[in-house]
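The values are calculated or read from the model by the stated rules, or taken from the named source; none is laboratory data. In this text the structure is predicted, and so the values were computed from the model without any measurement. Ideal geometry is used to build each Cβ from the backbone, glycine not excepted, and the neighbour counts take in all protein chains shown.
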Amino acid sequence: MRYLPMRRSKLVGTEGPGALVISPEGETAVVGSLDLWFRDSKGNKAKNIEEFAVNEPRLKSILKVDKFYTPPEFRKISRNAMEVIPNSGLVMPLMRFPRWHYCSSCKSLRELELDQTSVYLDCPKCKTKKYYKQVPFVVVCENGHLSDFPWRKWVHGDENTTCQGNLRIRMSGGTTLDSWRIECEGCTKSRGLQGVTSSYDGEKKTSVLGDTLNKIGSQKYTCEGERPWCGEEKEECSAVPVAILRNSISVYMAKKISALAIPGNYSENVDLIVSKIQSPAKYLLRTNLAFLEDIEKKIQFIRTNLRFELKEEITDQDIQEALMYVEAREEFEYTDEELEKPGLLIKQKEFEKLTSAVNSKELKVKPEWIYEDSPENNKNYYNSYLERISRVLKLKETTALYGFDRKDYKNTNGNDYSSYYPSLYRDYDGIIEKWLPVNEVYGEGIFLQLNSKKLGEWESQEVMNYFQHYLQRVGHIEHRDDTILRPRNIMLHTLSHFIIDELANICGYNRAAIRERLYLDEGQTGVLIYISAGDSEGTLGGLVRLGLQEKFFHLLDKAINNAKWCSSDPVCTELGKTQGQGVNNLNGAACYNCSHIPETSCEYWNLYLDRSLLIDEKIGYFGIKNEEKIIAFS
């Protein structure tokens, strides 16, 4: 495959190992496995990749891997022999997939190699060079395999066919696959593609491809177990194969887990030294530091090499504490019970920091407003509904990719992470150092926590009766996270979406750049709305300025007023209260016209939303029951 520009952040997400990426010309390639990373275009391994290492002890303890590495950036090889550029010429492995192509003139099918670069080839039928187009779909299975469509087997209706005749596509002029018909010029057999992408997820999972490929006999066609991102790799698989368009979202669903950087239990000066030593740019400093044994020499070495980056008031004791922390490589030990819900485990410590004042190198939290039951504060209508507002001036988010699903997204608990690792490697058992790709981004945000006392009063009998009807409606669904299934949590999630919408109108960032991070455990009920799309220095402050008290309450009021109206009302509200909306009817009064935001910004893929719990006059948390009450902001 030829060279394509790729974003490093997407390599830890939608374009990770095993994903299909599309070039500007529409050609598709599959991203290679992790043991093919950190190599140049000739396949030579990088000699030292420690500069790309990332330290995130909480994620490391949950995922139980040896290392984290960021994807390498491309560096041109210097033409000057005296100039040495470390890790230059590193590229990401891409294999052409699907391999089957057809001639743009005669429509003859042809299978190319994974490493084929040019698609202008000699066509045996046309007797001249022609442009070959890729076929539009591939075959996936629930075990993560990815295969070419079995064109030869399909047209002959026999997975054991021996006919090697030339295959051609006949198109009748339609825009769907129903207009395609495959012909074999060797034996004159032909077969259409009508319904070939259909599948059924009942008690017995079936697909049109698996059930009908073999025309004779009752034998069903099963997955061929191909892993093209690892090369010509195959393994036994008996899963149901499903034909699917190659640009479908179901071809690759990344499995990720993220954590905010939390400062250690030490002073700000020590935190500054630790962050400098652990910076990827300080790899040579860490290497040379390892050769020193005497603590006094280490302290002097740090002072010499970081003399322009350390504060004057930093003492030798601060440096010594920082060195002890780095050398100890702080580890977290979690029990199996704690690992059952790793998301809550990670967020527990984050919540503690977000509800206090923090001023460290990687996390700066400034409390802006805290609830006080006083006559002065009661002038603000929203006073009793909120617990606190904090401005997060700086944060660092680390996201790790630990696997992927195809066809259907599966729930994962803390004990299932390692089951996904082999899919990222060509030879997982032969790998000495188990590592996963991560991405680090800096950003800013606003943290909002609701008043727990007010929430307890609000979850009255009437609200619970309404929510019990919702639970009965979705009781048969296997939920990704049961923590969301409380009235307060669905209400907070819906509020978060409307705040993001209003922030996007004012702060200058688009909605896709703003994300939510929900804290839904017992006693929390908070949300961090943040931007993590900046460079190593963070973002520009457009969001965090709106967290000021005199601005945020006006913004909150606009967001709640926006929630009272949907262009699909009264249909949206009525459907939400009766039969539900969205996937598996998991939403109440929430649709594309009112509550949805980009799915990359939402933790629950635009599910578990309901405006009724937010603004309904009878059951809404912010439902107006006293029209005479005046909203005043101080």
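Here are some notes:
- If only residues of region 374-430 that are at pLDDT 85 or above and in a loop (DSSP other than H, G, I, E, B) are counted, the one that is farthest from Asn55 (Cα to Cα) is Lys407.
- Every pair of residues 6+ apart whose Cβ atoms lie under 7 Å, when the first sits in region 164-175 and is within 17 Å of Trp154 (Cα to Cα) while the second is outside any loop (DSSP other than H, G, I, E, B) and of a type in the set (Val, Ile, Thr): Leu167/Val155; Leu167/Ile182; Ile169/Ile182
- Flag for Glu73 being loosely packed, with under 12 Cβ neighbours inside 10 Å, within 29 Å of the chain's Cα centre (by Cα) and not polar (S, T, N, Q): yes
- Those residues of region 267-322 which are of a type in the set (Ser, Thr, Tyr) and either over 28 Å from Lys364 (Cα atoms) or modelled with pLDDT of 80 or more (or both), in sequence order: Thr287, Thr304, Thr315
- Taken together, Lys129, Lys133 contain a single residue that is more than 30 Å from Tyr420 (Cβ to Cβ), under 36 Å from the mean Cα position of the chain (by Cα) and outside any helix (DSSP H, G or I), which is Lys133.
Yes/no matrix, rows are residues, columns are (1) hydrophobic (A, V, I, L, M, F, W, C); (2) in a loop (DSSP other than H, G, I, E, B); (3) touching a helix residue (DSSP H, G or I) at 6+ places or on another chain (Cβ under 8 Å):
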site: Val84; (1), (2), (3): yes, yes, no
site: Arg110; (1), (2), (3): no, no, no
site: Leu114; (1), (2), (3): yes, yes, yes
site: Val138; (1), (2), (3): yes, no, yes
site: Gly144; (1), (2), (3): no, yes, yes
site: Thr161; (1), (2), (3): no, yes, yes
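- When Thr70 is tested against (1) in contact with a Phe, Trp or Tyr (Cβ under 6 Å, 6 or more places away or on another chain); (2) at pLDDT below 85, just one condition goes unmet, and that condition is (2).
- Search result, residues across region 155-179 that are closer than 25 Å to Glu235 by Cα and buried (at least 22 other Cβ atoms within 10 Å of the Cβ): Val155, His156
- Just one of the listed residues (Met491, Met464) is over 24 Å from Asn561 (Cβ atoms), in the same structural domain as Ser601 (by TED's automatic domain parsing), of a type outside the set (Gly, Ala, Ser) and modelled with pLDDT of 90 or more, and it is Met464.
- Scanning region 180-191 for residues that are in contact with a Ser or Thr (Cβ under 9 Å, 6 or more places away or on another chain) and surrounded by 16 or more Cβ atoms within 10 Å (Cβ to Cβ) yields a total of 5.
- Annotation: Ala513 fulfils all but one of (1) in contact with a strand residue (DSSP E or B) (Cβ under 7 Å, 6 or more places away or on another chain); (2) at pLDDT below 90; (3) under 20 Å from Asn585 (Cβ atoms); the unmet one is (3).
- Total residues in region 516-530 satisfying the condition of being modelled with pLDDT under 90 and among the charged types (D, E, K, R): the figure is 2.
- Total residues in region 211-266, condition modelled with pLDDT under 90, of a type in the set (Gly, Ala, Ser) and touching a Phe, Trp or Tyr at 6+ places or on another chain (Cβ under 7 Å): 1
Quick grid of which residues meet (1) assigned to a loop (DSSP other than H, G, I, E, B); (2) among the acidic types (Asp, Glu); (3) under 21 Å from Gly18 (Cβ atoms); (4) not assigned by TED's automatic domain parsing to the domain that holds Ser190:
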position: Lys47; (1), (2), (3), (4): yes, no, no, yes
position: Arg58; (1), (2), (3), (4): no, no, no, yes
position: Lys76; (1), (2), (3), (4): yes, no, no, yes
position: Arg79; (1), (2), (3), (4): yes, no, no, yes
position: Ser105; (1), (2), (3), (4): yes, no, no, no
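- So Gly445, is it out of contact with any Phe, Trp or Tyr (no Cβ under 8 Å at 6 or more places or on another chain), assigned by TED's automatic domain parsing to the domain that holds Pro367 and either among the small types (Gly, Ala, Ser) or over 30 Å from Pro487 (Cβ atoms) (or both): no
- Close pairs (6 angstrom Cβ cut-off, 6 or more residues apart or separate chains): among the basic types (Lys, Arg) in region 297-310, assigned to a loop (DSSP other than H, G, I, E, B) and buried (at least 17 other Cβ atoms within 10 Å of the Cβ) anywhere: none
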